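Everything below concerns the one structure shown next.
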Amino acid sequence: MRSPSLTAIGRRAGDLRRDRHRRWVRLAILAAISLTGISPSIAQTPLIEQQLVTDASRDSAFDSVCHILIKRRILFVPAGAWTGTAVLYKGRYLLTAGHNVYQDRSSIASISVRCGAAEPAGLPVHEVVANWQMLDATGYTGKGFARDFGVIRLNRPLAVRQPFALSETAPALGAPLRFAGYPGEGETYHIPLHDGWHLHSAKGRANAIEPSILSYDIRTFKSNSGGPVWTEVNGVPNLVAIHVQPSAGRLVDVDYVAEVGRLMDKLDKRAAARGF
């Protein structure tokens, strides 16, 4: 067995000094954290609950929040009905989630539209939309939230007090947001009036921005899909996302605005061919 050389002994001594230095640095950092009250882990803030809206006329933005009842069929056989949410744009178009209007194994027989209603059940329907009056985003296949948006065209425009505008600029992290929709019961939470037929709203903040997706600290449920997420600029509601997944929506960006424009043009041509 060979005895260690002086060089090897020197290296070991240097390693010990570096290890000791690193330990002192770690201890100093932890001490500084404890003194400032900062947690080394990112704290998870609780989600904000949606509140029941009893009078939609109190806020002009609610004029453009629309309840949609979607009836599907397989061939000519009824295949159930679902509720969802949409937002009125330019008086004639409903912007919603792509999975609300997507047609694959089942087709859509009709969509009944009621806008600006706190409790739409029993109220007159603004329009019953036919199959040809809706399109999902090009490239949407029932998967992928980046393409999960669609457009519905009404045959007659609806008047609102303060129309929504589209914002191509993503909100900053922590920016205040508003959200509205018609939540249905989730798999875990069973809350009275979360039946897809009562308007709810919440104020929260943007907490993450990914390519095409905006996340927010608001608890969402089934039937919220297609609901608007907006900021307010000089009293004008600016749409920043369309809700498509739990506590997150499809971001309104340049690609979204361009695709929505193409879908509106295509629906206008369909309507013109049918005399609308």
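Couple of notes before you dig in:
- Using a Förster distance of 30 Å, the FRET efficiency for residue 234-residue 51 (Cβ separation, nearest 0.05): 0.75
- Rolling a 1.4 Å probe over the protein heavy atoms gives the range 127-167 an accessible area of 44 Å² per residue.
- Taking the Cα atoms of the range 186-269, the ratio Rg/Rh between the radius of gyration and the Kirkwood radius comes to 1.02.
- Whole-percent carbon and sulfur share, accessible surface of the range 116-180, 1.4 Å: 59 percent
- Percentage, to the nearest whole number, of Cα pairs in the range 116-158 over 11 Å apart: 73 percent
- For the range 236-276, the residues whose amide N sits under 11 Å from a probe point set 7 Å from the Cα of residue 168 along the beta carbon direction are 253-259.
- For the pair residue 273 and residue 258 in one chain, pulling the backbone fully straight at 0.36 nm per residue adds 3.1 nm over the alpha carbon distance.
- The range 210-260: relative contact order as a whole-number percent, Cα under 8 Å and 6+ apart: 38 percent
- Virtual spin-label span in nm between residue 205 and residue 266, 7 Å along Cα→Cβ: 3.9 nm
- Net length gained if the chain between residue 161 and residue 71 were fully extended (0.36 nm per residue, minus Cα distance): 29.4 nm
- Hydrodynamic radius (Kirkwood) for the range 57-186, which is based on Cα pairs only, to one decimal in Å: 15.7 Å
- Taken over the range 112-262, the percentage of Cα pairs per 5 Å bin, counting from 0 up to the bin with the maximum distance, is 2, 9, 17, 21, 22, 18, 10, 2, 0.
The values are calculated or read from the model by the stated rules, or taken from the named source; none is laboratory data. Please read these numbers as outputs of a predicted model, since none were measured by experiment. We place every Cβ from the backbone using ideal geometry, glycine too, and count neighbours over all the protein chains shown. Accessible surface is based on the protein model in full, side chains and every heavy atom, while ligands, DNA and RNA are left aside. Shrake-Rupley method; radii C 1.70, N 1.55, O 1.52, S 1.80 Å.
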